[in-house]
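A.B. asks: Quick one: structure below, then a few questions.
The values are calculated or read from the model by the stated rules, or taken from the named source; none is laboratory data. As the structure is a computational prediction, the values presented were derived from the model and not from experiment. Cβ coordinates were reconstructed from backbone atoms using ideal geometry, including for glycine residues, and neighbour counts include every protein chain displayed. Just the protein is used for accessible areas: all its heavy atoms, side chains included, with ligands, DNA and RNA removed. Shrake-Rupley method; radii C 1.70, N 1.55, O 1.52, S 1.80 Å.
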Amino acid sequence: MTSTVPDTAELSAWLAARVADYRELDAAEMDPDVPLAELGLDSVYALTLCGDIEDRWGIDAEPTLAWDHPTITALAAHLHERLRTGPQA
């Protein structure tokens with residue numbers, strides 16, 4: 001886990017890079033407001049993303065995270081708030 005809380009832009013870029021890697025897309029061309037499901041993120045990729053979030057940011061990521069926060073923008077905002085307030089938020 002990092003010692004400082006990343007801003008939403010950093011989180012969005014990181015999430016876009018992860019999704020782009022899973023789906024073999026260009027992260028720079030992805031619209032962060034398009035639902036993750038429309039980008040091809042299925043349940044397997046969603047679970048992988050949760051594991052990556054846990055590994056990178058040191059917070060628990062429930063398997064429903066990508067469905068509860070269905071865009072990169074929404075997920076980045078949620079993660080920012082979780083990291084800002086602590087892992088129990």
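A.B. asks: Report yes if some residue within the range 2-22 is surrounded by 13 or more Cβ atoms within 10 Å (Cβ to Cβ), more than 18 Å from Thr64 (Cβ to Cβ), basic (Lys, Arg) and free of Cβ contacts under 8 Å to residues at least 40 places away in the same chain; otherwise report no.
C.D. replies: So far as the range 2-22 goes, no, none of its residues is surrounded by 13 or more Cβ atoms within 10 Å (Cβ to Cβ), more than 18 Å from Thr64 (Cβ to Cβ), basic (Lys, Arg) and free of Cβ contacts under 8 Å to residues at least 40 places away in the same chain.
A.B. asks: For the condition assigned to a loop (DSSP other than H, G, I, E, B) and open to solvent by less than 40 Å² (accessible area, probe 1.4 Å), what is the one hit in Leu41, Leu83?
C.D. replies: Leu41
A.B. asks: Select, from Ser43, Ser12, the only residue that is hydroxyl-bearing (Ser, Thr, Tyr) and within 17 Å of His80 (Cβ to Cβ).
C.D. replies: Exactly one of Ser43, Ser12 is hydroxyl-bearing (Ser, Thr, Tyr) and within 17 Å of His80 (Cβ to Cβ), namely Ser12.
A.B. asks: Condition first: crowded, with 19+ Cβ neighbours inside 10 Å and outside any loop (DSSP other than H, G, I, E, B). Now tell me which residues in the range 59-79 satisfy that.
C.D. replies: Leu65, Ala66, Ile72, Leu75, Ala76, Leu79
A.B. asks: Still on this structure, please answer the following. Please identify the pairs in which a residue from the range 54-65 that is free of Cβ contacts under 8 Å to residues at least 12 places away in the same chain and more than 19 Å from Asp7 (Cβ to Cβ) has its Cβ atom under 8 Å from the Cβ atom of a residue that is acidic (Asp, Glu) and assigned to a loop (DSSP other than H, G, I, E, B), counting only partners at least 6 apart or on another chain.
C.D. replies: Listed by first residue and then by second, the contacts come to Glu54/Asp60.
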